[in-house]
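Have a look at the structure below before the remarks.
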Amino acid sequence: MRVLRESVSDSWWGVIILVTATLTLVSVMPAWRWVWSPEPRPVTYKITAASFLTQLDSMIATYWTGDLIEDIPLVHPPPGDIYLAAQRFRFFPVLELEMGRTYRLHLATTDSVHGFTFPLAQADLLLVPGSAAVVTLTPGVSGRYALQCSEYCGLEHSRMKGWVFVK
Ligand SMILES: [Cu+2]
């Protein structure tokens, strides 16, 4: 009888240790991901659509290549701060970047909520009116990279696209 009771209490200890270990892992792993996440977390700051468009227009006026891609200006800005707007139903303008150079991409919506999915910058952001996000990127491989809207924003959402060219 005594032997049986001891083995029951041993197995309870096993269960207690297992439950404690599981709870510890479940609570520690999100904290681990938050603190040591390798993904760049975007910096955000407040804007108005008008102030953001002023900066965007000034970049386009200065660095437009003279080419249009599907009626959208192709812009070749130098490394540093660059701007991209999400609007129903396009990303504006088309950016041409250089391999191995580092850019701080400022992103904002100038109308409703949009999503911004861009594997090159490992970014999948929600763009909300009144706020800009900054993503740092250093493109390593040349090519044409598609941008997509990942948040339903209206009837033409599924066709909302943009481009970044890397040379
Ligand atoms: Cu959309």
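The values are calculated or read from the model by the stated rules, or taken from the named source; none is laboratory data. Bear in mind the structure is a predicted one, so any value in this text is a computation, not a measurement. Virtual Cβ from ideal backbone geometry, glycine too; neighbours counted across all protein chains shown.
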TODO: Looking only at region 127-165, count how many residues are within 11 Å of the ligand (Cβ to nearest atom), of a type in the set (Ser, Thr, Tyr) and surrounded by fewer than 14 Cβ atoms within 10 Å (Cβ to Cβ).
DONE: 2
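From THR44, THR110, THR48, which residue is touching a helix residue (DSSP H, G or I) at 6+ places or on another chain (Cβ under 6 Å), touching a residue at least 40 places away in the same chain (Cβ under 8 Å) and either of a type in the set (Ser, Thr, Tyr) or not assigned by TED's automatic domain parsing to the domain that holds ARG159 (or both)?
Among THR44, THR110, THR48, only THR110 is touching a helix residue (DSSP H, G or I) at 6+ places or on another chain (Cβ under 6 Å), touching a residue at least 40 places away in the same chain (Cβ under 8 Å) and either of a type in the set (Ser, Thr, Tyr) or not assigned by TED's automatic domain parsing to the domain that holds ARG159 (or both).
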- [ ] With the checklist (1) modelled with pLDDT under 95; (2) on the phi > 0 side of the Ramachandran plot; (3) small (Gly, Ala, Ser) in hand, flag the one item GLY80 doesn't pass.
- [x] (1)
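Is it true that PHE165 is assigned to a strand (DSSP E or B) and closer than 13 Å to GLN87 by Cβ?
In short, no.
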- [ ] Go through the residues of region 8-22 one by one and say whether even a single one is at pLDDT 80 or above, polar (S, T, N, Q) and outside any helix (DSSP H, G or I).
- [x] no
